[in-house]
Amino acid sequence: MCWVCDHPEATRSARLAYVRGMLAEHPWVVIGVERDGLRPPYSYTAGLTELDRPELLITGLSKARAADVLIAVAEKMLGAGAPTAGTRLRLPGRRPGEVVYVAEPGIHLEVAAELFGERLTALQLVYADLRGRWPWDKDFRNGRGGQPVLGLRTTPAA
């Protein structure tokens, strides 16, 4: 369980203090946002901005699965640099992924926005469904709520 889930009465400043404490111990953290009605869950990093990298975000996965993907991609990104929008990559679990620039990161990455303000940029890791279809494909299926894409897709280079 997450600290915020265990402390629903906590104030915004208490949550930020908790995250700052975690960032004092770790280079970045993963923050999960629960499913809300038809809106699927999503997770994102906070702390990569301080390492001169964009934060990462993924939608439609459980917090545990999202954390696995975000941690693996963040670790690779720290060694090899950030991918650009439109880059295709293989996500953990062998699922194909594509990078999308998040148009309004401050709206979706609330904690990171409060910590980093105008410096905040983010990339979304978009993945294909089990049949290999993407969220922008007509026949995409990925559970209740789907996989919202939070920016404009850049066509991958050939």
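General observations
- For region 91-114, a residue qualifies if it is in contact with a strand residue (DSSP E or B) (Cβ under 7 Å, 6 or more places away or on another chain), farther than 20 Å from D137 by Cα and surrounded by fewer than 23 Cβ atoms within 10 Å (Cβ to Cβ), and the qualifying residues are H108, V111.
- Any chance G117 is buried (at least 18 other Cβ atoms within 10 Å of the Cβ), at pLDDT 90 or above and out of contact with any strand residue (DSSP E or B) (no Cβ under 6 Å at 6 or more places or on another chain): no
- Count of region 16-75 residues which are touching a residue at least 24 places away in the same chain (Cβ under 8 Å), of a type in the set (D, E) and either buried (at least 23 other Cβ atoms within 10 Å of the Cβ) or not in a loop (DSSP other than H, G, I, E, B) (or both): 3
- Taken over region 42-83, the residue count meeting the criterion of being farther than 16 Å from P105 by Cα and of a type in the set (S, T, Y) is 1.
- Filtered residues of region 3-58 (kept if among the hydroxyl-bearing types (S, T, Y) and within 30 Å of T84 (Cβ to Cβ)): Y42, S43, Y44, T45, T49
The values are calculated or read from the model by the stated rules, or taken from the named source; none is laboratory data. Since this is a predicted model, take the numbers as computed values, not measurements. Quick reminder, even Gly has a Cβ in these numbers, built from the backbone with ideal geometry, and neighbours come from all protein chains shown.
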